[in-house]
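Asks: Once you've had a glance at the structure underneath, I'll fire off some questions.
Coordinate-derived values only; no laboratory data. Everything numeric in this text was worked out from a predicted model, so none of it was measured. Glycine gets a Cβ as well: all are built from the backbone with ideal geometry, and neighbour counts include every protein chain shown.
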Amino acid sequence: MPAPFPFADRPRLFGVAVSHYQVEGGDPCDWTEWEVAGRTRGGACGRAAGSWERYEEDALAAAALGANAFRFSVSWSRVEPRRGTFDEGALERYARFVVHLTALGLEPVVTLLHYTHPCWFHSETPWTSSASVDAFGRFARHVARALGPAARCWTVLNEPFVLVLGGFLDGQVPPGLASGRAAARAFDNLLAAHEAAASAIREVVPGAAIGVAHNMMAFAPARPRNPFDRLLASAADRFYNRPLLDAFGEGRWSAFLPPFTRFAGRRPGLPASLDFFGVNFYSRLHLRFGAGGRRIGSFDYRDATGRGLTDNGWEIVPEAFLPLLREAASIGRPLLVTENGLADAADARRAAFLEEHVAVLRKAEAEGLPVHGYLHWSLVDNFEWLDGYGPRFGLLELDLETLARRERPSAATFRRLSAEYLGRPALRP
Ligand code: BGC
C-alpha cells in the first residue's frame, strides 16, 4: 500500500491551527468544571472566539492568508454529551466545516483529542482504565463516518505526553491526579486509544493519513560547562521527547523521572498505526542541577539568543528547532509541523519568528529530512488554558467584546512565506 502522506496532489501543507475548546466557546466539558472549581489562573473560557458560529469566517480568513491547510479539533463533549449518545447536529456542524474547508482548497487536519473530555469521561471510562480505549475508538468511528473521505489527514491525539504529565502526574489540568502509576497507565491507554482510532478511521476513510502531534521541547544546560547541568538536560530530553517517539517508532518505550516515576510499556501494533509524525515546537528550557529538597534541579526560560522573550516569557529559539526535527525524523516517518507560534500581542516579534522558523524547514529539507509542512499556532487569539486570554497567539487579533477578527501586520509575512513555500503566486491582502 503506498504511503498516504504526503498526498500526491498536495505534497506540502502550509497553514494554521486552532483547537475546539480554545476557539469555539460554549462547550461544557471537564475544563469548564476545572474553571468553575477555580483551578485556572486566567479565568473561564466562556465564548472564546465564537468559532462554533464563525468557523466559515475563519476558514475564509485562512484562505485569504494563502494557507492550504487548516488544523482543528473535534469536541468530544459536543459530539457525545452523554456516554453512548451521539449528537448528530454537532457531527453535522463539523461535517459542514470540512466541506467548506475543502471547497476553499484547505486541507482539513483533524484532531480528535485536544485536552478536553466530556464531563462523564473521567468518572465512567477514565484513561487509567482500558474502558477508555473502546470509548475513544467509538467516538473516532462516529467522527470519521460523519466527516467522510474529505477528511483525509488526522492528528488523532494532541500532545498525549503533556496531557499525561499535566493531568496525571502533577495534577495541574483535568483530571488533576498526581500519581506516577496513574500517569504510566494513562499513557499506555492513550496509545491504545490512538491505535483503536487509527483502525476505525482507516476502515471508514481508506487512504486517510494518521498522525499524532507531539510537543517537543528543547533543553539546555543552564551552565553550559557544568557536567551535572548537561546530564540533566540530556535526561530531560530523554524523558520528555523520547517516550512518544519510541512508542511510535519501535512499539515500546521506557522513561524514568527521578525519584519514582517510570513509564515503560510495549504496544507492538503502534508503529503500523502511524503514517506521519507531527511536531509542536515552541521553546527551550534551561536546566540547573541541584535545587535542594526532593527536586533534583530547577528550570527556567531565558533570553539566551537576544531576541527577547514572548509575552508569556518563553525563549524564542529557532536554532533549537532543527535538532528536534532530526530527532523526530529518526523514527522514519514523514514529518508535519503541527504547531509553532508565539504569544505577541503587540506583533513586534511574530514576523521575524515566522521567517526564522520557516527558514529552518528549508534547512531541514536541504539535509534530507522528510518535512512536509508547517501549521502556525494560531489563526486567531484564543483561550490559553490556565492563562486564559492573556497570551495572544493569533495571526488575527481578536476583539474580545465583539469577537471581530483583524489581521495583525505579521499576517503579510505569513502570506508571503506561504506563497514561497507552496510555490504559488503571492496573494494580495
Ligand atoms: C497546545 C495548544 C496551546 C499552545 C500554546 C500547545 O502545546 O497544543 O493548545 O494553545 O501550546 O500554549
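Asks: Name the trypsin sites (Lys or Arg not before Pro) in segment 186-287 that are in a loop by DSSP and that have at most 16 other C-beta atoms within 10 Å, would you?
Replies: Qualifying residues, ordered by number: Arg225.
Asks: Calculate the length of the line joining the C-alpha centroid of segment 119-154 to that of segment 403-429, in whole Å.
Replies: Each part's Cα centre sits 35 Å from the other's.
Asks: Show me the GluC sites (Glu not before Pro) within segment 380-429 that DSSP assigns to loop and that have at most 12 other Cβ atoms within 10 Å of their Cβ.
Replies: Sites meeting the loop and neighbour criteria: Glu401.
Asks: Now for a separate question. For segment 238-378, with equal point scatterers placed on the C-alpha atoms only and solvent neglected, what are the log10 I(q)/I(0) values from the Debye formula at q = 0.13, 0.19 1/Å, to two decimals?
Replies: Those come out to -0.70, -1.18, one per q.
Asks: Of Asn340, Leu325, Tyr301, which is farthest towards the positive pole of segment 301-366's charge dipole, taken about the Cα centre with +1 and -1 on the beta-carbons of Lys, Arg and Asp, Glu respectively?
Replies: The residue sitting most towards the positive pole is Leu325.
Asks: Pull up all non-local amide H partners of Arg71: gap of 5 or more, or a different chain, and H-to-H distance under 5 Å with H placed in the peptide plane.
Replies: Val16, Ala17, Val18, Val109
Asks: Also: Can you tell me the mean projection area, over all orientations, of the convex hull of segment 158-275's alpha carbons? Units nm², please.
Replies: 8.0
Asks: Using only the alpha carbons of the chain, determine the length spanned along each of the three principal axes and report them from longest to shortest in whole angstroms.
Replies: Taking the Cα atoms of the chain, the three principal extents are 56, 49, 48 Å.
Asks: Quick one: Karplus J couplings for segment 252-264, per residue in order, coefficients 6.51, -1.76, 1.60, θ = phi - 60°, nearest Hz, x for Gly and Pro?
Replies: 8, 8, 7, 8, 10, 10, x, x, 10, 8, 10, 10, 8
Asks: Related question: Relative contact order of segment 1-123: what whole-number percent is it, with Cα pairs under 8 angstrom and at least 6 residues apart?
Replies: 32
Asks: What dipole magnitude, in Debye to the nearest 20, does the chain give about its Cα centre under +1 on Lys/Arg Cβ and -1 on Asp/Glu Cβ?
Replies: For the chain, the charge dipole is close to 1040 debye.
Asks: A further question on this structure: Let me test this: with uniform point scatterers at the alpha carbons of segment 1-141, what is the Debye-based log₁₀ I(q)/I(0) at q = 0.11, 0.21 1/Å?
Replies: Each listed q maps to, in turn, -0.47, -1.28.
Asks: Return the sequence-ordered ³J(HN,Hα) values of segment 360-373 in whole Hz as given by the Karplus equation 6.51 cos²θ - 1.76 cosθ + 1.60 applied to θ = phi - 60°, using x for Gly and Pro.
Replies: 5, 4, 4, 4, 4, 4, 4, 8, x, 6, x, 8, 10, x
Asks: Please list the non-local residues whose amide H lies under 5 Å from the amide H of Phe219, H modeled 1.01 Å from N, same-chain partners needing a gap of 5 or more.
Replies: Leu285
Asks: Also, I was wondering about something else. Using Cα pairs under 8 angstrom and six or more residues apart, how large is the relative contact order of the chain, in percent?
Replies: Relative contact order here is 18 percent.
Asks: Follow-up. What shape does segment 14-91 take by its C-alpha gyration tensor, where a ≥ b ≥ c are the square roots of the eigenvalues and a/c under 1.5 counts as rounded, a/b above b/c as prolate, and the rest as oblate?
Replies: Taking the square roots of the gyration eigenvalues as a ≥ b ≥ c, segment 14-91 is oblate.
Asks: Also: Please list, in chain and number order, the residues 5+ apart from Val279 or on another chain whose amide H is under 5 Å from its amide H, with Hs placed from the backbone.
Replies: Amide H neighbours of Val279: His214, Leu336, Val337, Thr338, Glu339.
Asks: Right, something else. ³J(HN,Hα) across segment 310-327 via Karplus (A = 6.51, B = -1.76, C = 1.60, θ = phi - 60°), whole Hz, x for Gly/Pro?
Replies: 6, 4, 9, x, 8, 6, 9, 8, x, 4, 7, 6, 4, x, 6, 5, 4, 4
Asks: Then there is this: If you average the sequence gap of Cα pairs under 8 Å that are 6 or more apart and divide by the length of segment 193-329, what percent do you get for the contact order?
Replies: After rounding, I find 26 percent.
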